[in-house]
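The values are calculated or read from the model by the stated rules, or taken from the named source; none is laboratory data. No experiment lies behind these values; they were computed from the predicted model shown. As a convention, Cβ positions derive from the backbone with ideal geometry for all residues, glycine included, and neighbour counts pool all protein chains shown.
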Amino acid sequence: MRPHLPANLLVVPTFTIGQAAELLGVSPDTVRRWVDSGQLPATRTTGGRRRLDGVALARFSAARAGAVASPPVAESARNHFPGLVTRVTRDKVMAQVEIQAGPFRVVSLMSREAADELALAPGVIAVASVKSTNVVVEIPHP
C-alpha cells in the first residue's frame, strides 16, 4: 500500500524515448520525430538524453487518440492495457480514472481511497485490467 501524498507533493514521472514509444504503440524513431518537430515536448538530461514529462505525454497521448481500430476477433477473458493516466476526477467518495492505452481510452470508476493509495495522477503509468464490465487499475512494478 502506498502512503497518501498531498497533490502538491506528487512526483510526476519522466520517460525515455523508448518508454514513451512503448506506451504510445509506436517506434522510438516516431517519438523522436514528434519531439524534433515540436509536437511532443522533451528536455535533455545532463548526459544529453531526452526525457518526456509524464503529464505532457499523457496530454499528447489523449490528443492523438482518434478512431479506434476494430478489436481483435479473439481475445482472452482477461485483458491488460498498459498506458498513461490522462485524467483523474475525484469527489468525496469516488474517483474516475482515464487511461490512454495506445489508441484506446479506458475509464475506471473506483473509490477515492483507492485512487489516492495508488497515487493516480496524469502522467502516471498504470495498467487497466479488464474482465467483463469491470476495469481494475494496477501500477506496474518498476
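Under 8 Å between Cβ atoms, which residue pairs at least 6 apart in sequence (or on different chains) link something in segment 13-32 that is assigned to a helix (DSSP H, G or I) with a partner that is among the basic types (K, R)? Once the first residue is assigned to a helix (DSSP H, G or I) and sits in segment 13-32, its partners that are among the basic types (K, R) give I17/R32; I17/R50; L24/R64; R32/R50. Restricting attention to segment 96-106, the residues that are more than 13 Å from H80 (Cα to Cα) and touching a strand residue (DSSP E or B) at 6+ places or on another chain (Cβ under 6 Å) add up to 3. One residue stands out in segment 44-57 among those that are touching a Pro at 6+ places or on another chain (Cβ under 8 Å) and assigned to a strand (DSSP E or B): the one that is farthest from G123 (Cα to Cα), namely L52. Summed over segment 101-127, residues that are part of a loop (DSSP other than H, G, I, E, B) and without any contact (Cβ under 8 Å) to a residue 60 or more places away in the chain total 1.
Look at (1) at pLDDT 90 or above; (2) within 13 Å of F15 (Cβ to Cβ); (3) not in a helix (DSSP H, G or I) and you find that E98 fails only one, number (2). In segment 7-21 there is no residue matching the filter, namely being at pLDDT 80 or above, among the aromatic types (F, W, Y) and farther than 23 Å from I139 by Cα. In segment 58-95, how many residues are at pLDDT 85 or above, in contact with a strand residue (DSSP E or B) (Cβ under 6 Å, 6 or more places away or on another chain) and part of a helix (DSSP H, G or I)? Matching residues across segment 58-95 total 2.
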